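Every read-out reported here was derived from the displayed coordinates using simple, explicitly stated rules and does not represent laboratory data. Because the structure is predicted, anything quoted here is derived from the model rather than measured. Cβ placement follows ideal geometry from the backbone for every residue including glycine, while neighbour counts extend to all protein chains displayed.
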Amino acid sequence: MKRLLIILLMGGLVSCASVGKVETGENTLGERMTVNLDGAWNQIKAPGLGPAQIWTMEGLPIDQLLIYTGLKDGEAITSKNSASGGKMKNLDFRASMTPDEIVSLFEGMLTRDGSSFKLLKLEPANFGGLKKGFHFEFSLIRKVDNTQLLGMGYGAVSQGELFAMLYQAPRLSFFPRYRGKVEQIALSARIKQI
Amino acid sequence: MNRRRFLSMGCVCCLNLIPGISLAQSDSWPDWQIPPRFARPDLSSDEGGLWALMDREEKRVRQSPFCIRDPQLHDYVLDIICRLGGDHCPDIRAYVMHNPIFNAMMAPNGMMQVWTGLMLRIDNEAQLAAVLGHELGHYFSRHSIDQLRDAESRSAFAQFFGIFGLVGAVGQIAAIAGAFAHSREHERVADRIGLELMSKAGYDPAEAAKVWENLLVELKASPNEDPTRENPMFATHPPADERRETLARLVEAHPGGVTNEATWLDKMAPYRREWLDDEIKRSQHEQSIALLNRLISRSPSQPDYLFARAEVRRLRSNDTDLDQAINDYKSAISLGNAPPESYRGLGMIYMARKQTEEARTNLGHYLDLSPASPDGLMIKSYIEEMKI
């Protein structure tokens, strides 16, 4: 019965999903974050998709850019409804987390379905105008179709809230094609202090 | 019926046996013999269609990046299968699949998959033989085709009732419940056959029940959950007392046998850290701690298990977790040959506690031991920050 409810819920989500256009130029994301785009992106909108904005250039599931615009302490990085297979992991963000712990959270989210994650790089980086940010890169073998992906992310914690970007795409063509665009968005990101 | 459902019926999963800890209902089963090798069924038959579909699935499995292509490990598993399966040996292909979940499955065309989450959890070769024997039990009994035919008839039954609204829903549930009962009977039969096979191959059949008992301990460790929520079929498994009595009778009927613990531990040693790393990443902290408590009890001088438990506790960070994690990290290091990440774990805890000297020392030690680690630049930045 529980599975039936999940199926009905997922069916409902699919029927409610829409795609919007994120215009070139400055965009305000959430209450405290702005980014400056040098080209338009597509944004997937649907109830229950989770706390991150979902952007894509080629369409899901080819490439995906998740943008967190101020996740608060104790909030999960993904929707409880979006667990695929097996039980939900503990994926709650804590404001005291270090960058490696935050990356582990993302890893946990990306491997819920049995996909295989490998961290390639984790280093300090400016993000959103904050010096205490971080940048990481990873490879992922997606379980559902055995596709080999590459991914990158940026993040920073400001006033107890998580701001982050996480991009992933197939490694041979799509990731190299859009990597520069994602880096440009990350460089343009600004986080307001309140 | 969609492809995924069809495939799931084609492979009879060991995981289904979790609730079916139910062992054979009688002490012996003198009439059962391994059947002759199966001929490939006619492609126009339903069984032939199932085989063809499984052949395509096997091609996907063979090419999967999750398939572990280690000839030594593969040959070892296949050797056990052949000892259990006798004349059927040439018809069976084994695939060790990288997946941290406890599972094994057998397809009617002879494709057997064993997942690494299962291999991490077993203690010896006899326990692996118990699982493989159980899967062979499904294969010899051709349960996949039984389930396919049963599902087809139930599907028609359920669809018929589905047109009658709520009353129809009750009918559909009854059909599903009937399918579970059907599956449980299959599990009992596969249990029996598995025990017969492992006993004949010289393994100690008492190890079979330990596999499932150990798994139950893990499942019960989950907070606010019980095994019935992990798997719907748990709700109807035989009571624990009944299982113990049945097991006692079976062990009496098949006494003795080897476990080959040392052989198994030697074979899995090259993979131990990788499989433990997968387990940590499952983020099922309570289950992982229950598992690691058992593994540490079994192998107290193995630093990898202590390190893994420390990592799980550090990630969970409840109450006394960090103090216990420090103890485990230190114990692992004192045993020698601990993973370098033990120093990183210690350093991270000390850093969180503002014990900067200890933090810098341990993080520095980690970088010395793992100069090319992917998080090296981040760790260096932590050390630099603590100098300020």
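Some points to look at:
- Listed pairs A:Lys45/A:Lys118; A:Lys21/A:Lys118; A:Lys72/A:Lys143; B:Lys210/B:Lys267; A:Lys118/A:Lys143; B:Lys59/B:Lys210 exceeding 23 Å between Cα atoms: A:Lys45/A:Lys118; A:Lys21/A:Lys118; A:Lys72/A:Lys143; B:Lys59/B:Lys210
- Using a Gaussian network model of chain A in which every pair of alpha carbons under 10 angstrom is joined by a spring, one finds that among A:Gly70, A:Gly50, A:Gly151 the greatest mean-square fluctuation is at A:Gly50.
- Potential lengthening of the chain between B:Lys220 and B:Arg142 amounts to 24.9 nm, from the contour at 0.36 nm per residue minus the alpha-carbon distance.
- For the segment B:371-384, counting C-beta atoms of other chains within 10 Å of every residue's C-beta and taking the mean gives 4.
- Cα centroid separation - region B:90-138 against region B:243-313, whole Å: 16 Å
- Here's the list of aspartates and glutamates a cross-link from A:Lys181 could span, going by alpha-carbon distance under 18 Å and ignoring same-chain residues fewer than 8 apart: A:Glu23, A:Glu26, A:Asp38, A:Glu58, A:Asp63, A:Glu137.
- Listed values for region A:95-108 are Karplus-derived 3J(HN,Hα) couplings in whole Hz (6.51 cos²θ - 1.76 cosθ + 1.60, θ = phi - 60°), namely 4, 7, 5, 8, x, 5, 5, 5, 4, 4, 4, 4, 4, x, and x replaces Gly and Pro.
- Cα→Cβ-extended label distance, 7 Å offset, between B:Asp31 and A:Leu60, nm: 5.5 nm
- Computed from label points 7 Å out along Cα-Cβ, the spacing between A:Asp113 and B:Val258 is 4.4 nm.
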